[in-house]
Amino acid sequence: MLEVDFVTKHFGGLVAVRDVSFTVKRGEILGLIGPNGAGKTTLLNLICGVYKPDKGKIKFKGEDITALKPHQICEKGIGRTLQIPHAFPELSTVENITLPMLFLQKDLKGKEAEDRALKILEFVGFPRDKYYVPASNLNTLDLKYLQLARALASNPELLVLDEVTTGLNPTESKKAIELIRKIRENGITILLVEHVMRIVVSVCDRVIVLSSGQKIIEGKPQEVMRNRQVIELYLGEKFRMEGQP
């Protein structure tokens, strides 16, 4: 479905991503992990059109999307969440979803957009009593689910999730895991950037590890977690000692 082919990105003299290649298969959950500064978010920004690669190509469903702008890539079927969720503070939760929906789907009417927004909010488990409150009144957890609902409102075939569980407690993380699985069950392919290894092992079919902008290993989660280089570069001895061979 998604093909990243020898992609490189420089920022001045810094190489943020170097010759990274991988594919995302339709229907899978692919995890992307690595230490801070590994190039994960830069890579997502390249996929979603925020940055243009200095070298390499990105294809989605066989079409070259390397030069497309973010809204064009969204229209092609790639949705995304951000590490730090944002919303229009003066608009209600529902309005924060319907506004981009109406922009992307020109033939959609206001009432139809609102009905769809309500269904999506119910799908992600958003609190009903906060549907029509200004986004400025929402807490961080609410904002995370709002931006996830907004990404789903674009009807993505591929959903890019950037550390959606950061800051969540164990109960909230369990709910997030269930929702990620539910999204996949509804036919949406997922590219997941995540730091919580329990979540990576629990939901991902395959995992890619980045370090210093380069892909160092790719494989099934349990195989990757046992790799000595991954333990040394990212997970640390503490991870190995707590039940990993």
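Points worth noting:
- Cα centre as origin, Lys/Arg/Asp/Glu Cβ charges: the chain dipole, Debye: 320
- Cα gyration tensor category, rounded, prolate or oblate, for segment 125-199 with a/c compared to 1.5: oblate
- Against the chain, whose longest principal axis is taken from its Cα atoms, helix 93-104 shows a tilt of about 80°.
- Taking Cα centre as origin and charging only the Cβ of basic (Lys, Arg, +1) and acidic (Asp, Glu, -1) residues, the dipole magnitude of segment 26-91 rounds to 240 debye.
- C-alpha center-to-center spacing [segment 143-181, segment 67-82] in angstrom: 17
- For the chain, adding -39500 (n - 2.57) for each run of n ≥ 4 DSSP H residues and dividing by the number of residues yields -10500 deg cm²/dmol at 222 nm.
- Modelled this way, with points 7 Å down the Cα-to-C-beta line, the labels at Q72 and D54 are 2.3 nm from one another.
- Share, in percent, of DSSP beta bridges within segment 124-245 that are antiparallel, nearest 5: 50
- Peptide ranges 63-72, 176-185, 149-158 listed from the most packed, as the mean C-beta count within 10 angstrom indicates: 149-158, 176-185, 63-72
- Built amide H within the under 5 Å cut-off of K55, gap 5+: T8
- For the chain, the antiparallel share of DSSP beta bridges with both residues in that region comes to about 55%.
- Rounded to the nearest Hz, the phi-derived 3J(HN,Hα) couplings of segment 143-159 under the Karplus curve 6.51 cos²θ - 1.76 cosθ + 1.60 (θ = phi - 60°) are 5, 4, 6, 5, 5, 5, 4, 5, 5, 5, 5, 7, 6, x, 8, 10, 10, where x marks glycine and proline.
- Nearest 10 degrees, 0 to 90: helix 170-185 Cα axis against the chain principal axis: 80
- A compact globular protein would have a Cα radius of gyration near 2.2 N^0.38 Å; the ratio found for segment 87-155 is 0.98.
- Links that overshoot a 23 Å alpha carbon limit, given the list K119/K144; K119/K182; K25/K144; K182/K220: K25/K144
- Between T23 and V133, the modelled label-to-label distance comes to 4.7 nm, taking each label 7 Å out from Cα in the direction of the beta carbon.
- On the principal axes of its alpha carbon atoms, the chain extends 54, 41, 33 Å, with the longest extent given first.
All of the numbers you see were taken from the coordinates with simple rules; none came from a lab. Note that the coordinates shown come from a computational prediction; the quantities given were computed from them, not determined experimentally. Here the Cβ is made from the backbone with ideal geometry for all residues, glycine too, and neighbour counts use every protein chain on show.
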